[in-house]
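Q: Pasting a structure here, questions to come.
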Amino acid sequence: MRYLIPRSLYGFAFACLFIAIQTHAEPIVKAVDSVSVTVSDMNQSLAFYKDVLKFSVISDTEVVGEQFEHLYGVFGVRVRIVKLKLGDEFLQLEEFIAPRGRPIPVDSKSNDGWFQHVAIIVSDMDKAYTWLREHHVQHASTGPQLLPDWNPNAGGISAFYFRDPDGHFLEILHFPAGKGDAKWQRKTELFLGIDHTAIVVMNTEASLQYYRDTLGLHIAGTSENYGTEQEHLNNVFGARLRITALRAASGPGVELLEYLAPRTGRPMPVDTLSNDLWNWHINMSGDVNSADATVRQHHYQYVSPGVVKVKEANLSDAELMVRDPDGHQTLILTP
């Protein structure tokens with residue numbers, strides 16, 4: 001944000017008051033509640049997330065009706081939604097029984113604009129990788145990568161990308177002592193919970209205007225990652241990433257991944273719909289009406305035509321589905 005230099009003492013006082021109001025304004029988003037993944041076969045996906053990654057089922061719901069057609073922006077929609085939990089965090093699987101969407105492009109890369117993953121924290125990288133190999137997961141990295149110590153924010157962290165049955169990217173991540181949330185140091189289980197969801201963005205500043213300046217998330221950390229470890233983690237030759245970690249008051253983080261090189265990633269298709277398998281959405285609770293007003297003011301793209309009342313479905317009083325500057329979906333709901 002740019003501020004003009006005041007020409008008078010009165011103007012200076014007014015500017016200070018304005019800045020103070022902006023600084024102390026309540027953020028629209030209070031929490032990141034969960035992340036939703038569109039799947040093609042719920043039973044197949046449940047077997048993977050429950051048996052391999054050790055998520056537990058919290059609820060299993062089927063929704064249909066005009067309010068959900070408007071919320072998802074898809075006519076004639078019927079969706080089975082299964083809410084899963086791992087540690088303290090939640091993941092939702094959404095199967096569009098009708099109408100079916102398009103599959104993930106088989107040549108998808110980690111620098112394509114529709115890339116999104118969740119980072120699952122593990123207590124032991126070697127054991128977790130062995131477990132995944134035993135269950136024949138599809139590699140997206142060449143293998144687990146230990147990030148180098150020259151990178152002060154990422155050094156000592158080990159990570160590995162793989163895919164679920166539909167081809168969605170997932171990550172397992174291990175934090176050494178002194179990095180990440182203290183709860184990730186517990187050794188009670190192999191798979192501990194979800195630290196963040198990561199999305200590819202084309203312009204970090206444009207994304208910050210949406211996630212930080214509009215929705216109210218705060219920057220928790222930044223890093224610039226490159227080198228052979230990063231290349232083999234992302235499976236993108238010459239990868240150099242600007243990474244910005246954002247958080248709300250509670251819940252998993254939202255990580256912005258801007259590829260400084262190579263800038264060959266394809267943008268999110270402009271005709272992406274909620275039922276396309278490459279489409280995810282981040283579920284955030286907060287002030288839905290304020291979100292609607294500011295989204296309209298800043299001309300962000302709506303998926304729903306505005307706030308949708310869904311109270312009769314026993315989900316939330318009101319929900320709003322919009323897209324960020326790169327096309328990633330955000331569902332804002334009343335807590």
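The values are calculated or read from the model by the stated rules, or taken from the named source; none is laboratory data. Keep in mind the model is a prediction, meaning the values are calculated, not measured. Ideal geometry is used to build each Cβ from the backbone, glycine not excepted, and the neighbour counts take in all protein chains shown.
Q: Please go through region 157-174 and give me each residue that is under 12 Å from residue 145 (Cα atoms) and either assigned to a loop (DSSP other than H, G, I, E, B) or not small (Gly, Ala, Ser) (or both), ordered by number.
A: Across region 157-174, the qualifying residues are 157, 160, 161, 171, 172, 173, 174.
Q: Also: Taking region 202-236, which residues are in a loop (DSSP other than H, G, I, E, B) and in contact with a Pro (Cβ under 8 Å, 6 or more places away or on another chain)?
A: Keep residues of region 202-236 that are in a loop (DSSP other than H, G, I, E, B), which gives 202-203, 215-217, 227, 235-236.
Within region 202-236, 202, 203, 215, 216, 217, 227, 236 qualify.
Q: Name the residue, out of 277, 320, 241, that is farther than 17 Å from residue 207 by Cα and assigned to a strand (DSSP E or B).
A: 320
Q: Looking at region 84-126, which of the residues that are free of Cβ contacts under 8 Å to residues at least 60 places away in the same chain and surrounded by fewer than 17 Cβ atoms within 10 Å (Cβ to Cβ) is farthest from residue 59 (Cα to Cα)?
A: If we take residues in region 84-126 being free of Cβ contacts under 8 Å to residues at least 60 places away in the same chain and surrounded by fewer than 17 Cβ atoms within 10 Å (Cβ to Cβ), then 107 is farthest from residue 59 (Cα to Cα).
Q: Quick check on residue 137: is it buried (at least 18 other Cβ atoms within 10 Å of the Cβ), in contact with a Leu (Cβ under 7 Å, 6 or more places away or on another chain) and of a type outside the set (Gly, Ala, Ser)?
A: No, not satisfied.
Q: Are any of the residues in region 109-122 part of a loop (DSSP other than H, G, I, E, B) and among the polar types (S, T, N, Q)? Talk me through it step by step, then tell me what you get.
A: Of region 109-122, the ones part of a loop (DSSP other than H, G, I, E, B) are 109-115.
Subsequent filtering for residues that are among the polar types (S, T, N, Q) retains 110-111.
Yes: region 109-122 contains one or more residues that are part of a loop (DSSP other than H, G, I, E, B) and among the polar types (S, T, N, Q).
Q: While we're here: Would you mention how many residues in region 127-168 are farther than 15 Å from residue 230 by Cβ and in contact (Cβ under 8 Å) with a residue 12 or more places away in the chain?
A: Qualifying residue count for the region: 16.
Q: Examine region 258-267 for a residue that is surrounded by fewer than 19 Cβ atoms within 10 Å (Cβ to Cβ), modelled with pLDDT under 95, over 15 Å from the mean Cα position of the chain (by Cα) and not in a loop (DSSP other than H, G, I, E, B), and state whether such a residue exists.
A: There is no residue in region 258-267 that is surrounded by fewer than 19 Cβ atoms within 10 Å (Cβ to Cβ), modelled with pLDDT under 95, over 15 Å from the mean Cα position of the chain (by Cα) and not in a loop (DSSP other than H, G, I, E, B).
Q: Next question. Tally the residues that are outside any helix (DSSP H, G or I) and either buried (at least 21 other Cβ atoms within 10 Å of the Cβ) or in contact with a strand residue (DSSP E or B) (Cβ under 9 Å, 6 or more places away or on another chain) (or both), restricting the search to region 66-83.
A: If we filter region 66-83 for residues that are outside any helix (DSSP H, G or I), which is where we start, we get 73-83.
Next, from what is left, pick out any that are either buried (at least 21 other Cβ atoms within 10 Å of the Cβ) or in contact with a strand residue (DSSP E or B) (Cβ under 9 Å, 6 or more places away or on another chain) (or both): 73-74, 76-83.
Here the count works out to 10.
Q: Can you find even one residue in region 106-120 that is of a type in the set (Gly, Ala, Ser), farther than 24 Å from residue 273 by Cβ and within 21 Å of the chain's Cα centre (by Cα)?
A: yes
Q: Can you confirm whether residue 252 is surrounded by fewer than 16 Cβ atoms within 10 Å (Cβ to Cβ) and in contact with a strand residue (DSSP E or B) (Cβ under 9 Å, 6 or more places away or on another chain)?
A: In short, no.
Q: Consider residue 293 against the criteria (1) in the same structural domain as residue 173 (by TED's automatic domain parsing); (2) free of Cβ contacts under 8 Å to residues at least 24 places away in the same chain: it satisfies all of them except one. Which criterion is unmet?
A: (1)
Q: Something else about it: So, of the residues in region 24-53 that are of a type in the set (S, T, N, Q), in contact (Cβ under 8 Å) with a residue 60 or more places away in the chain and assigned to a helix (DSSP H, G or I), which turns out to be farthest from residue 219 (Cα to Cα)? Working first, answer last.
A: Just the residues of region 24-53 that are of a type in the set (S, T, N, Q), to begin with: 34, 36, 38, 40, 43-45.
Then keep just the ones that are in contact (Cβ under 8 Å) with a residue 60 or more places away in the chain; that gives 34, 36, 38, 40, 44-45.
Restricting the remaining residues to those that are assigned to a helix (DSSP H, G or I) gives 44-45.
Numbers: 44: 36, 45: 33 Å.
Here the answer is 44.
Q: Scan region 195-210 and tell me whether some residue there is among the charged types (D, E, K, R) and crowded, with 22+ Cβ neighbours inside 10 Å.
A: Yes, some residue in region 195-210 is among the charged types (D, E, K, R) and crowded, with 22+ Cβ neighbours inside 10 Å.
Q: Here's something else I'd like to know. Can you find even one residue in region 121-144 that is closer than 25 Å to residue 219 by Cβ, within 17 Å of the chain's Cα centre (by Cα) and either at pLDDT 95 or above or not assigned by TED's automatic domain parsing to the domain that holds residue 50 (or both)?
A: Within region 121-144, one or more residues are closer than 25 Å to residue 219 by Cβ, within 17 Å of the chain's Cα centre (by Cα) and either at pLDDT 95 or above or not assigned by TED's automatic domain parsing to the domain that holds residue 50 (or both).
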